[in-house]
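So the structure is just underneath, and the comments pick up after that.
A short reminder: the numbers here are calculations on the coordinates, not readings from a lab. A quick note: this is a predicted structure, and the numbers were derived from the prediction, not measured. All Cβ positions, even for glycine, are placed from backbone atoms using ideal geometry, and neighbour counts span all protein chains on display.
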Amino acid sequence: MTTRIGIVGAGFIAGRHVDSLTALDGVEVVGVADPRTDRAEVLAARAGGAAHDRWERLLDAGGLDAVYVCVPPHAHGAVEDAVVDLGLPLFVEKPPARDLATAERLAGRVAAAGLLTAVGYHWRYLDTVELARRLLAGAPARLVLGAWLDRAPRVEWWGRQDGSGGQVVEQLTHLLDLARVLVGEVESGWAVGARSPDGPGDIQDVGTASVRFASGAVGSFTHSCLLPRGFRIGLEVVAPGLGLWLTEHQVAVSDAEGERVVERAFDPVEVEDAAFVAAVRGEGDGVRATYADALATHRLAVAVAAAAAGGGEVRL
């Protein structure tokens with residue numbers, strides 16, 4: 001059985017999914033749509049599919065079993081509505097929208113339609129995160145420290161508040177999501193941020209938030225996009241007798257047995273895509289971030305970003 005996938009968007013993350021999907025048995029990426037036709041043509045050629053300059057033409061061509069939506073945060077909405085209208089399984093790259101209202105509306109639509117969904121919080125699929133969960137099962141987290149200290153991506157929409165929603169919504173969201181997985185829900189917090197004269201666009205380029213989890217654990221999350229390259233991106237977790245430092249590539253563990261570093265065994269995007277395709281085929285339920293669950297992370301990210309803009313309370 002061949003599973004036919006359409007990809008909306010032809011940027012970096014769409015390319016990761018194309019490479020992952022085309023490596024799976026019985027998967028065909030039949031088309032890629034992007035208003036930048038040069039990018040659509042390059043990625044479609046890599047996938048062995050057709051290039052489209054508009055997502056409407058990709059959907060109108062028909063013959064799809066599922067659709068991946070890999071667009072900038074501000075571009076979410078209309079394409080998901082069209083996919084829901086077609087009743088197709090839907091994979092949406094994070095964040096699910098720039099704003100909360102759009103994501104909440106779409107969550108309601110996919111729930112009412114009963115559609116299979118997944119959102120690209122790929123850190124959830126790391127085998128190192130599974131190791132961390134097992135270790136924390138015997139020693140619940142008490143302190144969480146998240147940092148996303150990086151450069152600004154070189155795309156014009158990223159430095160615009162009306163394009164990306166800011167670094168908290170577009171990047172730090174991965175660590176907020178991971179904290180929810182490992183520690184639980186945030187119940188309160190405080191945040192502050194600032195813009196630098198030489199920062200990118202009109203977004204806050206530095207910020208920090210202090211939060212309290214429903215479990216009683218406390219945490220802080222810090223971000224900046226002023227650096228020339230990725231500098232420190234990951235999540236530290238402290239529990240009685242246990243320390244963890246998780247990145248996208250490994251986990252460092254400090255416990256009664258000593259200190260060790262465990263490298264990831266698999267590319268999480270490949271695991272994520274395999275799980276989604278299996279679910280589309282009715283062969284598994286390995287999707288770890290549905291639209292409904294991703295909405296909870298997005299709600300937290302938007303609340304932190306809004307609090308930082310005014311230097312105030314994180315309202316959830």
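General observations
- Cα centroids of the range 213-233 and the range 242-256: 16 Å apart.
- By average C-beta atoms within 10 angstrom, highest first, the peptides 250-263, 94-107, 230-243, 170-183: 170-183, 94-107, 230-243, 250-263
- Gaussian network model of the chain, Cα within-10 Å springs - most flexible of 157, 148, 55: 157
- DSSP-assigned coil residues among GluC sites (Glu not before Pro) in the range 42-101, each with at most 12 further Cβ atoms within 10 Å: none
- Ranked list, fewest to most other Cβ atoms within 10 Å of each Cβ, for 247, 297: 247, 297
- Shape of the range 254-299, Cα gyration tensor, a/c cut at 1.5: oblate
- Modelled spin labels at residue 266 and residue 245, positioned 7 Å past Cα toward Cβ, are 2.7 nm from each other.
- Karplus 3J(HN,Hα) series, Hz, for the range 286-293 with 6.51 cos²θ - 1.76 cosθ + 1.60 (x for Gly, Pro): x, 5, 9, 9, 6, 4, 4, 6
- Using the Karplus relation 6.51 cos²θ - 1.76 cosθ + 1.60 with θ = phi - 60°, the per-residue 3J(HN,Hα) values for the range 8-20 come to 9, x, 9, x, 4, 5, 4, x, 4, 5, 4, 4, 5 Hz, with x marking Gly and Pro.
- Cα shape, the range 1-93, gyration tensor, a/c 1.5 rule: rounded
- When you count the other C-beta atoms within 10 angstrom of each residue and take the mean per peptide, 280-287, 302-309, 17-24, 63-70 line up highest first as 302-309, 63-70, 17-24, 280-287.
- Residues of the range 66-93 with amide N under 13 Å of a point placed 7 Å along Cα→Cβ from residue 105: 75-82
- Antiparallel bridges, percent of DSSP beta bridges restricted to the chain (to nearest 5): 60 percent
- The simple spin-label model puts a point 7 Å past each Cα toward its Cβ; for residue 316 and residue 1 those points are separated by 3.9 nm.
- Cα gyration tensor, the range 197-314 - rounded (a/c under 1.5), prolate or oblate: oblate
- With both labels modelled 7 Å from their Cα along Cα-to-Cβ, the residue 257 to residue 215 distance reads 2.0 nm.
- Calculated [θ] (222 nm, deg cm²/dmol) that DSSP helices of n ≥ 4 give over the chain, each run adding -39,500 (n - 2.57): -10500 deg cm²/dmol
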